Amino acid sequence: MTSASAALPRQPGRTKAFLRLVMIEHSVFALPFAYIAALTAMFRLDGNIHWVRLLLVTVCMVGLRTFAMAANRIIDREIDARNPRTAHRELVTGVVSVKSAWTGALIALAVFLGAAALLNPLCLALAPVAVIPMVVYPYGKRFTNFPQAILGIAQAMGPVGAWIAVTGEWSWQAVILGLAVGVWIGGFDLIYACQDVETDREVGVKSVPARFGIPAAIWGARGCHLVTTALLVWYAVATGADVFFWIGLAVVAGAFVYEHSIVRPRDLSRLNRAFFQVNGFIGIALFACALLDLLVRGLTV
């Protein structure tokens, strides 16, 4: 080995690079809400946790999200290359090839469809409905100023699908929770998009901040999170939640207040803390309280 080659940075393995590409750790945002829906459905079904179904729900959620993120990165790679914030992404730098990204995406999609088939016929029949907005979303920023609405629709399907996975039946309670998740994620994506306003305007990417300005996006996010809180209250009432779930709602409301206190139109310096840390905490905290609530009410492990 020459001294020049020894000085080169070591490249990550293909699998590790692909997992970095799809930011697998961000599954923490939506997965807890799928668990809340699934466990509530199990509580209503027979009061027992069905571990195999819960595992299959996990596989479905991670598989579909991995496909969605890989497709997003592939479709957006030319836009990413023109944005200094995203120019380091693996498809732009060549650490992951387009062929490898598509291979990983299709494997993830096959895993999702296979898990859906193992759950019940309705899950498999509705699987394409869940896939469509995942593919439409990255194109949304090319034709609408409200791509976060498409993202919200895509994310709203998680709790609905998790409930159907357990019962094999449609549930309006799950729809309420799904709407809460969709509005929540759409809201904090409004905040996240604020950091790319200038580049988006130069490149031609459409978004609420690029079209209406950062203050409008921040106020829009605040409105979304107010609606999210109201939907979670509705879900709690609709499912007969008890004290621990309400404690979780209080924690979520407090987290929203904190999030919007540290991100202001003229100060985006703590945006990443709001996006990654606070929103990750929200999902985990509400899931922990919801699980405790169900266990106290009689859910059997």
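If I ask for residues that are hydroxyl-bearing (Ser, Thr, Tyr) and free of Cβ contacts under 8 Å to residues at least 60 places away in the same chain, which ones from segment 87-101 would you list?
As a first pass, look at segment 87-101 and keep what is hydroxyl-bearing (Ser, Thr, Tyr): 93, 97, 100.
Within segment 87-101, THR93, SER97 qualify.
Per this entry, ALA236 is counted among residues that are surrounded by fewer than 21 Cβ atoms within 10 Å (Cβ to Cβ) and out of contact with any strand residue (DSSP E or B) (no Cβ under 6 Å at 6 or more places or on another chain). Across segment 88-97, a minimum of one residue is classified as among the aliphatic types (A, V, I, L, M) and over 12 Å from ALA70 (Cβ atoms). Of all residues in segment 82-126, those satisfying the criterion of being surrounded by 14 or more Cβ atoms within 10 Å (Cβ to Cβ) and farther than 22 Å from VAL59 by Cβ are ARG82, ASN83, THR86, ARG89, GLU90, LEU91, VAL92, VAL95, VAL96. Take the conditions (1) touching an Asp or Glu at 6+ places or on another chain (Cβ under 9 Å); (2) within 18 Å of MET134 (Cα to Cα); (3) not hydroxyl-bearing (Ser, Thr, Tyr); LEU91 misses just one of them, which is (2).
Taken over segment 67-89, the criterion of being among the acidic types (Asp, Glu) and out of contact with any Ser or Thr (no Cβ under 9 Å at 6 or more places or on another chain) is satisfied by GLU78 alone.
To keep it simple, each residue is scored yes or no on (1) farther than 22 Å from CYS60 by Cβ; (2) in a helix (DSSP H, G or I); (3) of a type in the set (Val, Ile, Thr).
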| position | (1), (2), (3) |
| --- | --- |
| ILE153 | no, yes, yes |
| PRO159 | no, yes, no |
| ASP196 | yes, yes, no |
| ASP200 | yes, yes, no |
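Which ones in segment 68-106 are of a type in the set (Val, Ile, Thr), part of a helix (DSSP H, G or I) and within 22 Å of LEU151 (Cα to Cα)?
As a first pass, look at segment 68-106 and keep what is of a type in the set (Val, Ile, Thr): 74-75, 79, 86, 92-93, 95-96, 98, 103.
Pick out the ones that are also part of a helix (DSSP H, G or I) and you get 74-75, 79, 92-93, 98, 103.
The answer is ILE74, ILE75, ILE79.
Figure legend. Inter-residue proximity from segment 114-130: first residues among the hydroxyl-bearing types (Ser, Thr, Tyr), second residues in a helix (DSSP H, G or I) and modelled with pLDDT under 95, beta-carbon distance below 7 Å, spacing 6+ or different chains. No pairs are indicated.
Residue by residue, here is whether (1) in a helix (DSSP H, G or I); (2) in contact (Cβ under 8 Å) with a residue 40 or more places away in the chain; (3) under 22 Å from the mean Cα position of the chain (by Cα) holds:
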| residue | (1), (2), (3) |
| --- | --- |
| ARG211 | yes, yes, no |
| PRO215 | yes, yes, no |
| ARG222 | yes, no, yes |
| TRP246 | yes, no, no |
| SER269 | no, no, no |
| ALA285 | yes, no, yes |
| LEU292 | yes, yes, no |
| LEU295 | yes, no, no |
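Whether any residue in segment 157-169 is in contact (Cβ under 8 Å) with a residue 24 or more places away in the chain, surrounded by fewer than 22 Cβ atoms within 10 Å (Cβ to Cβ) and among the aliphatic types (A, V, I, L, M) is what I want to check. No, because not a single residue in segment 157-169 is in contact (Cβ under 8 Å) with a residue 24 or more places away in the chain, surrounded by fewer than 22 Cβ atoms within 10 Å (Cβ to Cβ) and among the aliphatic types (A, V, I, L, M). Every condition in (1) under 23 Å from PHE287 (Cβ atoms); (2) in contact with a Leu (Cβ under 7 Å, 6 or more places away or on another chain); (3) among the aliphatic types (A, V, I, L, M) holds for VAL208 except the one numbered (1). Within segment 134-152, the presence of a residue that is under 16 Å from LEU31 (Cβ atoms) and among the polar types (S, T, N, Q) is excluded.
Do we have any residue at all in segment 49-61 that's more than 16 Å from VAL181 (Cβ to Cβ), modelled with pLDDT of 95 or more, assigned to a helix (DSSP H, G or I) and more than 21 Å from the chain's Cα centre (by Cα)? The answer is yes; a qualifying residue exists.
The values are calculated or read from the model by the stated rules, or taken from the named source; none is laboratory data. Since the model is a prediction, treat every value here as computed from it, not as a measurement. Every residue, glycine among them, receives a Cβ derived from its backbone with ideal geometry; neighbour counts consider all protein chains shown.
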